[in-house]
Amino acid sequence: MNISQEEKTELETLYQSLLNDDKVKRMLDIPMHRGSNCYIHSFMVAKTAINRALKKKKQINLRVLLYACVFHDYYLYDWRKDRSKKKGHGKNHPSIAIKNAKEDFDLPDESAKIISSHMWPINFKNFPHSTEAKLLTLADKRIATREFFISKKKKLKNREKLLRYISTLF
Ligand SMILES: [Fe+2]
Ligand SMILES: [Fe+2]
């Protein structure tokens, strides 16, 4: 899909405002997939999904997709430390992420819907029907798989590189 320079600038501005938000930055302290963290993960997912969307012919709501990507794992607890959260984390965290994001930001309803289906097939009944939902689900699985297979040591070494990579959307 083609987007104008103006739309690109608008999206980049929104991305920057979320990236530099102190509440969003709390995800830096939430570990994820051996040596990664929720913040890097979420913005990697956002960049991947948006870039994929731009290659599609179909019109996609990029603003809605960006919100969904940034907040899909905005659950803000470390399930490795909080044992009460460990059980059911896979199923429950999308609704916790939505609740937190609605409290802290103007999360669009369409983005909430997309977030709710991102754990398919774990949440088997909640299939990602829309193109935006499919883009998030696929980007999330792709980034998570990559994070899972890279060693902790390499990840910590690459941290600055990844932070530089996610520092802009385009
Ligand atoms: Fe998730
Ligand atoms: Fe995720």
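The values are calculated or read from the model by the stated rules, or taken from the named source; none is laboratory data. None of the values given here were measured: they were computed from a predicted structure. Ideal geometry is used to build each Cβ from the backbone, glycine not excepted, and the neighbour counts take in all protein chains shown.
Would you list the helices (runs of 4 or more DSSP H) that sit entirely within the range 1-72 and hold 3 or more residues that are more than 21 Å from residue 99 (Cβ to Cβ)?
Details: elements: 5-19, 38-55, 62-71.
Hits in the range 1-72: 5-19, 38-55.
Which one is farthest from ligand 1 (Cβ to nearest atom), of the residues in the range 66-88 that are of a type in the set (Phe, Trp, Tyr) and farther than 24 Å from residue 53 by Cβ? Before the answer, list the steps.
Looking only at the range 66-88, we keep the residues that are of a type in the set (Phe, Trp, Tyr), and these are 67, 71, 74-75, 77, 79.
After this cut, where a residue has to be farther than 24 Å from residue 53 by Cβ as well, the list is 75, 77, 79.
Numbers: 75: 8, 77: 13, 79: 11 Å.
Once the filter is applied, the top-ranked residue is 77.
So which of 57, 81 ends up being over 19 Å from residue 119 (Cβ atoms), at pLDDT below 90 and surrounded by fewer than 12 Cβ atoms within 10 Å (Cβ to Cβ)?
81
Among the residues in the range 70-77, are any on the phi > 0 side of the Ramachandran plot and surrounded by 15 or more Cβ atoms within 10 Å (Cβ to Cβ)?
Yes: one or more hits.
Taking the criterion of being within 16 Å of ligand 1 (Cβ to nearest atom), under 20 Å from residue 30 (Cα atoms) and not in a helix (DSSP H, G or I), would at least one residue in the range 96-104 satisfy it?
Step one: of the range 96-104, the residues within 16 Å of ligand 1 (Cβ to nearest atom) are 96-101.
Of the ones still in play, those that are also under 20 Å from residue 30 (Cα atoms) are 96-101.
Among the residues that remain, those that are also not in a helix (DSSP H, G or I) are: none.
Checked against the condition, which is being within 16 Å of ligand 1 (Cβ to nearest atom), under 20 Å from residue 30 (Cα atoms) and not in a helix (DSSP H, G or I), the range 96-104 yields no hits at all.
Name the single residue, out of those in the range 113-153 being basic (Lys, Arg), away from ligand 2 (no atom under 16 Å from the Cβ) and without any contact (Cβ under 8 Å) to a residue 24 or more places away in the chain, that is farthest from residue 10 (Cα to Cα).
Looking at the filtered set, the residue picked out is 125.
Within the range 136-145, identify whether any single residue is in contact with a Phe, Trp or Tyr (Cβ under 7 Å, 6 or more places away or on another chain) and within 15 Å of ligand 1 (Cβ to nearest atom), and answer yes or no.
For the range 136-145, residues in contact with a Phe, Trp or Tyr (Cβ under 7 Å, 6 or more places away or on another chain) and within 15 Å of ligand 1 (Cβ to nearest atom): present.
Please go through the range 89-118 and pick out each residue that is under 25 Å from residue 51 (Cβ atoms), surrounded by fewer than 21 Cβ atoms within 10 Å (Cβ to Cβ), of a type outside the set (Asp, Glu) and out of contact with any Leu (no Cβ under 9 Å at 6 or more places or on another chain).
Answer for the range 89-118, where residues must be under 25 Å from residue 51 (Cβ atoms), surrounded by fewer than 21 Cβ atoms within 10 Å (Cβ to Cβ), of a type outside the set (Asp, Glu) and out of contact with any Leu (no Cβ under 9 Å at 6 or more places or on another chain): 108, 112, 113, 116.
Consider residue 79 against the criteria (1) hydrophobic (A, V, I, L, M, F, W, C); (2) within 19 Å of residue 122 (Cβ to Cβ); (3) assigned to a helix (DSSP H, G or I): it satisfies all of them except one. Which criterion is unmet?
Among (1) hydrophobic (A, V, I, L, M, F, W, C); (2) within 19 Å of residue 122 (Cβ to Cβ); (3) assigned to a helix (DSSP H, G or I), the lone unmet condition for residue 79 is (3).
Can you tell me which residue within the range 42-64, out of those that are in contact with a helix residue (DSSP H, G or I) (Cβ under 6 Å, 6 or more places away or on another chain) and within 14 Å of ligand 2 (Cβ to nearest atom), is farthest from residue 162 (Cα to Cα)?
Out of the qualifying residues, it is 49.
Would you please name the residue that is surrounded by the fewest Cβ atoms within 10 Å (Cβ to Cβ), looking only at residues in the range 1-27 that are among the charged types (D, E, K, R) and more than 16 Å from the chain's Cα centre (by Cα)?
22
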